[in-house]
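Input: a single structure, listed below in structure tokens.
The values are calculated or read from the model by the stated rules, or taken from the named source; none is laboratory data. All of these numbers come straight from a predicted model, not from anything done at the bench. So basically every Cβ, Gly included, is an ideal-geometry build from the backbone, and we count neighbours across all protein chains shown. All accessible areas refer to the heavy atoms of the entire protein, side chains included, with ligands and DNA or RNA removed. Shrake-Rupley method; radii C 1.70, N 1.55, O 1.52, S 1.80 Å.
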Amino acid sequence: MKLKQLFIATGIAILTVSACKTGTKAEDYKWIKTGIDRAHQQLMLTAEEIDGTGKLPRSIWSGYDISMLEQQLERPVIKDSLRALPSADKLGTRRLCDIYDWTSGFYPGSLWYVYEMTGDEKVKAQAIKYTELLNPIREYTGTHDLGFMINCSYGNALRLSPADTIPAVIVQTAGNLCSRFDEKIGCIRSWDFGYWNYPVIIDNMMNLDLLFSASKLTGDPYYKEIAIKHADKTMPNHFRDDYTCWHVISYNDDGSVEMKETYQGKAHDSAWARGQAWAVYGYTAAYRETQDKKYLDFAQKIADMIMSKVKTEDAIPYWDYDAPALENTPRDASAAAVTACGLLELSTMVEDGSRYFNYAEKILKSLSSDAYLAAPGQNQGYVLMHSTGSLAHGSEVDVPLNYADYYYLEGLQRYMKLKGIEYKDL
Ligand code: GLY
């Protein structure tokens with residue numbers, strides 16, 4: 001080989017090796033395209049199959065095996081708390097929900113994300129149809145989950161297809177969410193059922209985005225002030241010294257704590273996986289909307305705790321961080337997806353966010369693999385497999401969940417934005 005040719009060949013080899021090392025040119029985003037295309041196919045198949053029912057997809061009807069539940073809980077199950085088993089003919093079929101279910105906003109929200117990433121107008125038409133179905137929620141006051149329901153549906157509609165009628169729905173619903181706030185207690189009441197005096201669950205942090213939106217839309221700080229009071233009261237009461245959190249804090253009428261519990265987790269003192277995910281996402285959003293550094297510091301503490309506590313190789317956590325690490329321990333893909341979204345946003349707010357970004361990327365790659373991503377036409381039209389709703393109640397154990405799909409797609413959207421990736425270039 002002549003000297004000049006040798007220099008060129010060596011140069012190409014060095015460039016190739018360094019591109020692989022820095023992950024620039026040679027980066028492979030096939031996994032993103034696979035995830036989006038699969039979601040497109042699954043969600044549109046679902047739209048076709050549920051057309052005319054007036055309902056929305058939530059999960060799959062599933063049963064449970066009491067000995068497996070007891071192995072996971074490491075205690076006897078409380079029989080009265082188990083959900084009724086579905087009839088045999090329902091098992092394995094799509095579980096639909098009505099618009100008053102806490103998860104009703106996720107399917108329209110998932111359609112909005114797929115529309116945003118692909119630009120497919122057919123998906124947009126379905127997103128509009130299922131968002132409009134939720135219109136009566138604007139009159140509803142029976143739950144704190146109004147944030148999930150309306151922000152994921154109408155909130156995304158406002159972002160991607162603004163129409164004059166949307167802000168009124170958001171503002172009215174935010175007002176109804178505020179009607180659940182008690183000044184003396186300093187929190188929004190989460191649930192109207194159960195034995196607690198005034199239950200507030202960590203999930204409630206996710207509903208504050210609706211209030212931040214309403215203040216931006218109206219210019220009225222009222223909604224945002226309530227969100228801040230809620231976040232401030234939750235911070236000292238919901239968290240343990242190691243930054244894991246309880247699920248439910250119930251308050252007495254004077255604002256003191258009545259009970260600290262973990263309703264959907266392994267035990268009251270365990271770290272229920274999705275609860276930790278709601279916490280990191282919620283406090284990251286609180287910082288985004290207020291620029292108050294105490295929320296940022298807190299979100300980082302929660303994020304660091306999550307990354308140190310998750311025991312699985314692929315970063316998709318067991319349903320509870322304190323569950324026994326057994327081969328058959330159910331995962332919770334929904335907790336992983338919510339965590340990825342929170343960490344991606346957090347990565348942009350701190351000086352060295354790469355550890356959060358890289359962890360979120362690992363989660364999204366795992367979720368986009370065959371281990372979690374449904375095969376085409378399978379999984380009753382859901383995108384992801386292997387989530388857990390409430391194992392302690394024998395409910396939705398190792399099934400697809402509409403909110404796992406929603407936050408997976410939100411995670412892909414956030415990732416692509418941060419990387420400057422466009423679907424058409426994939
Ligand atoms: N917000 C209810 C749950 O996370 O299961």
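The table below lists the values:
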read-out	value
Index of the failed condition, Glu49 passing every other in (1) touching a helix residue (DSSP H, G or I) at 6+ places or on another chain (Cβ under 7 Å); (2) within 27 Å of Asp320 (Cβ to Cβ); (3) open to solvent by 40 Å² or more (accessible area, probe 1.4 Å)	(2)
Every residue from the range 264-291 that is within 14 Å of the ligand (Cβ to nearest atom), closer than 30 Å to Lys216 by Cα and among the small types (Gly, Ala, Ser)	Gly275, Ala277, Ala279, Gly282
Residue check, Tyr100 within 16 Å of the ligand (Cβ to nearest atom) and outside any helix (DSSP H, G or I)	yes
Qualifying residue in the range 392-409 (condition: small (Gly, Ala, Ser), assigned to a loop (DSSP other than H, G, I, E, B), within 16 Å of the ligand (Cβ to nearest atom) and more than 19 Å from Trp278 (Cα to Cα))	yes
Residue in the range 204-222 that is farthest from the ligand (Cβ to nearest atom), counting only those that are more than 18 Å from Asn156 (Cα to Cα) and buried (at least 23 other Cβ atoms within 10 Å of the Cβ)	Met205
Hits in the range 169-203 (condition: within 14 Å of the ligand (Cβ to nearest atom) and either assigned to a loop (DSSP other than H, G, I, E, B) or among the aliphatic types (A, V, I, L, M) (or both))	Ile188, Ser190, Trp191, Phe193, Gly194, Val200, Ile201, Ile202
Looking only at the range 364-391, and only at residues there that are in a strand (DSSP E or B) and out of contact with any Phe, Trp or Tyr (no Cβ under 6 Å at 6 or more places or on another chain), the one that is farthest from the ligand (Cβ to nearest atom)	Leu373
Qualifying residue in the range 266-289 (condition: touching a residue at least 40 places away in the same chain (Cβ under 8 Å), in a loop (DSSP other than H, G, I, E, B) and touching a Lys or Arg at 6+ places or on another chain (Cβ under 7 Å))	yes
Arg159 under 28 Å from Asp320 (Cβ atoms) and either more than 20 Å from the chain's Cα centre (by Cα) or away from the ligand (no atom under 16 Å from the Cβ) (or both)	no
Unique residue being open to solvent by less than 30 Å² (accessible area, probe 1.4 Å) and either without any contact (Cβ under 8 Å) to a residue 24 or more places away in the chain or of a type in the set (Phe, Trp, Tyr) (or both) when the list is Tyr140, Tyr243, Tyr154, Tyr195	Tyr154
Filter pass, Ala279 being crowded, with 19+ Cβ neighbours inside 10 Å and more than 30 Å from Arg75 (Cβ to Cβ)	no
Tally of residues being assigned to a helix (DSSP H, G or I) and in contact with a Lys or Arg (Cβ under 7 Å, 6 or more places away or on another chain) across the range 103-128	1
Flag for Ile36 being over 23 Å from Gly389 (Cα atoms) and surrounded by 14 or more Cβ atoms within 10 Å (Cβ to Cβ)	yes
Qualifying position, being closer than 19 Å to Asp98 by Cα, outside any helix (DSSP H, G or I) and away from the ligand (no atom under 16 Å from the Cβ), among Thr131, Thr141	Thr141
Filter pass, Glu70 being open to solvent by 80 Å² or more (accessible area, probe 1.4 Å) and out of contact with any His (no Cβ under 6 Å at 6 or more places or on another chain)	no
Residue count, the range 302-339 (criterion: open to solvent by 30 Å² or more (accessible area, probe 1.4 Å), more than 16 Å from the ligand (Cβ to nearest atom) and either touching a helix residue (DSSP H, G or I) at 6+ places or on another chain (Cβ under 9 Å) or in a loop (DSSP other than H, G, I, E, B) (or both))	11
